[in-house]
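I have placed the structure first, in the form of structure tokens, so that the comments after it can refer back to it.
The values are calculated or read from the model by the stated rules, or taken from the named source; none is laboratory data. Please read these numbers as outputs of a predicted model, since none were measured by experiment. Neighbour counts are summed over all protein chains in view; Cβ atoms, including those assigned to glycine, are modelled from backbone coordinates with ideal geometry.
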């Protein structure tokens, strides 16, 4: 199980590709709940030992980005280009803590005073609260938080 991943039994296939010839030089299968970065250093050492590779540089996706891996690659003088994660709420939804919940009415009140009523619960059991379209049409926060769900 991993956050934001489907639930079930899965595996990961980790592959290493030689940049000069585009040949897969290593493939390694792990359980799906293992972080991408965990087997990486061991797999590099296995290839260095097996093929006598001189590893000068690597390119990795954001799943490999962590302090330990970066430190170990620097210690081995391996230049690395790595993707990064954009932490935080990238879809710019106004955070829940900015809303006030009114238990008696089962509604939320937005920072501008508009009421968000409860129309439905999703399949995962989460309640969704929605505002009226006309309330948000003239809201000064709208340009910063366009992803706020609305009903008609």
inquiry  = So for the stretch 96-103 (the condition being at pLDDT 90 or above, part of a loop (DSSP other than H, G, I, E, B) and exposed (fewer than 13 other Cβ atoms within 10 Å of the Cβ)), does at least one residue qualify?
reply    = yes
key: residue 37, sole failed condition from (1) under 22 Å from the mean Cα position of the chain (by Cα); (2) modelled with pLDDT of 90 or more   = (2)
key: Residue list for the stretch 1-44, filter: touching a helix residue (DSSP H, G or I) at 6+ places or on another chain (Cβ under 8 Å) and in a strand (DSSP E or B)   = 14, 16, 25, 26, 28
request  = Could you check how many residues of the stretch 45-69 are within 17 Å of residue 28 (Cα to Cα) and in a helix (DSSP H, G or I)?
outcome  = 9
key: Lone qualifier among 50, 71 - being under 24 Å from the mean Cα position of the chain (by Cα), modelled with pLDDT of 90 or more and outside the structural domain of residue 124 (by TED's automatic domain parsing)   = 71
Leading residue by the ranking (modelled with the lowest pLDDT) among those in the stretch 76-90 that are loosely packed, with under 11 Cβ neighbours inside 10 Å and farther than 15 Å from residue 40 by Cα = 90
remark   = Flagged in the stretch 56-65 as over 19 Å from residue 20 (Cα atoms) and surrounded by 15 or more Cβ atoms within 10 Å (Cβ to Cβ), in numbering order, are 63, 64, 65
